[in-house]
Structure formats: C-alpha cells, structure tokens
Amino acid sequence: MRTPRRRGCIAQLFALIILCLGIVYAVAAVTSPWSFHIGGVPTPLLYWSGTGTLHTKGADYPFYLLLYPSSSFSHLRLDGLRPTGGVQGSASLCTSRGVSQYLKLSGTIYNGWSTTEDALIGIRLLEQKYFDVGQHRGYFDLSGRWRGQQLVMDDRDAWASTFRSGAKIEHASVTLDRAGYSDFNAACQSR
C-alpha cells in the first residue's frame, strides 16, 4: 500500500518542479527576453559561455566567461543607450599553465531588449572574496557588442584595480567565441 503513495509524492514533486521552471521562464520572458537567444543562438537554459584570449598590456591570457540574466543593473546610460537588463555570472583567467583566477561578473545590457545582436554590454570582473573582512579586491571592466556568435570586448582604457596577486589588467581586449569551460581548461593546460 505504500507504493501508490510514493508514486503520488513523486508526481507532486515533479509537478512542483515544472511549476517552478514555468515561473522562472515567465519571469525571464517579461524581464529579459534577450536571454532566450544570446549571441545568435537559442539559449533555452538562459545562459551563454565563451572563451577567447584576453590581450593586455603585460601578457595574453586564456579567458572564460559565463553570463546569465540578473535583476540588478545600472540605470545609467552608456553611449547614449538605455539599460535594458542586468547580467551576472563568472569568469576565469588563466594566469599560468593549469592555474586560473576565478572572477565574479556583474553588468548591464544596453539596447538589447529582445535580442543581444549588436547590443552593448558592460561588465565588471571582480576578484573572488572568500570572507568579507574588508580586504581589497582587484577588478577590471570590459565593454563590447555581440557580432553574431562572437562577443567582442575591450576595456575602453578604463581604470583597473590591482589583484592581490599583483596582476593588473590594463589595455584589455578579447573576442569570445561560444564555448564551454572544458575548452578554456584545455587552453589553460596547454599554455
């Protein structure tokens, strides 16, 4: 007699999961419709990731970026464009063979309500903080546009803060192609 009850519980759990996913997709459809089609391809899981080589004043680094919609974003205009949504996520910077620096990502999309094609995006990449004890966090900013499936970005000669390791990302530019973390990891291992 317990078996039918378990099946009922599993069915209810499955129904609850479907309901929650439906709510997530409904909210995304209203607040960030661009998230269903990022970088020229359908993104049903509402995220985009890419890899490339970050060219800087001091060195070139394999670079990985993962972003998805966020409810927080800047309300200021950039290049005369209105903000249309927020992004958050993470990035990894390969600092030496097999060693990567994790970064937290936050930013804003401009002029990209229903699609990211030719939309402007501005992001800040912050050094990871394990415990908040007032320590300094290095960061740098990137801005750019999607050109088909590529995200082309540079730092617009913005000021950057030095990382705790001593690295400073200056005069940065990158062209990101849609790819996963394993592609970045392979590039970092072979650096």
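The values are calculated or read from the model by the stated rules, or taken from the named source; none is laboratory data. Just so you know, these numbers come straight off a predicted model, no measurement behind them. Cβ sites come from the backbone with ideal geometry, for glycine too, and all protein chains shown count toward neighbours.
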Could you tell me whether any residue of the stretch 121-139 is touching a residue at least 60 places away in the same chain (Cβ under 8 Å) and either farther than 23 Å from Val30 by Cα or surrounded by fewer than 16 Cβ atoms within 10 Å (Cβ to Cβ) (or both)? no
Taking the criterion of being surrounded by 14 or more Cβ atoms within 10 Å (Cβ to Cβ), under 15 Å from the mean Cα position of the chain (by Cα) and assigned by TED's automatic domain parsing to the domain that holds Gly39, would at least one residue in the stretch 183-191 satisfy it? yes
When you scan the stretch 47-75, how many residues do you find that are of a type in the set (Gly, Ala, Ser) and loosely packed, with under 14 Cβ neighbours inside 10 Å? 4
Might you let me know whether the stretch 38-46 holds any residue that is in the same structural domain as Ser161 (by TED's automatic domain parsing), surrounded by fewer than 17 Cβ atoms within 10 Å (Cβ to Cβ), of a type in the set (Val, Ile, Thr) and part of a strand (DSSP E or B)? yes
Can you tell me which residue is nearest to Ile109 (Cα to Cα) among those in the stretch 33-59 that are touching a Leu at 6+ places or on another chain (Cβ under 8 Å) and among the small types (Gly, Ala, Ser)? Ser35
Residues in the stretch 148-189 that are touching a residue at least 12 places away in the same chain (Cβ under 8 Å) and assigned to a loop (DSSP other than H, G, I, E, B): how many? 19
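Out of Arg145, Arg137, report the one residue that is among the charged types (D, E, K, R), part of a strand (DSSP E or B) and in contact with a strand residue (DSSP E or B) (Cβ under 7 Å, 6 or more places away or on another chain).
Working: Arg137 fails: part of a strand (DSSP E or B).
Within the list Arg145, Arg137, the selection yields Arg145.
Considering only residues that are free of Cβ contacts under 8 Å to residues at least 12 places away in the same chain and of a type in the set (A, V, I, L, M, F, W, C), which ones fall in the stretch 71-119?
If we filter the stretch 71-119 for residues that are free of Cβ contacts under 8 Å to residues at least 12 places away in the same chain, which is where we start, we get 75-76, 80.
Leu76 - this is the single residue of the stretch 71-119 that is free of Cβ contacts under 8 Å to residues at least 12 places away in the same chain and of a type in the set (A, V, I, L, M, F, W, C).
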So which of Thr108, Thr175 is surrounded by 12 or more Cβ atoms within 10 Å (Cβ to Cβ) and within 20 Å of Ser32 (Cα to Cα)? Thr108
Candidates Leu66, Leu46 - the one that is closer than 14 Å to Gly86 by Cα and in contact with a helix residue (DSSP H, G or I) (Cβ under 7 Å, 6 or more places away or on another chain): Leu46
Any hit, the stretch 102-110, residues being under 15 Å from the mean Cα position of the chain (by Cα), basic (Lys, Arg) and in a strand (DSSP E or B): yes
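Residue-by-condition table, conditions (1) within 29 Å of Asp141 (Cβ to Cβ); (2) of a type outside the set (A, V, I, L, M, F, W, C); (3) assigned to a loop (DSSP other than H, G, I, E, B):
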position	(1), (2), (3)
Cys9	no, no, no
Cys20	no, no, no
Val27	yes, no, no
Val30	yes, no, no
Ser49	yes, yes, no
Thr53	yes, yes, no
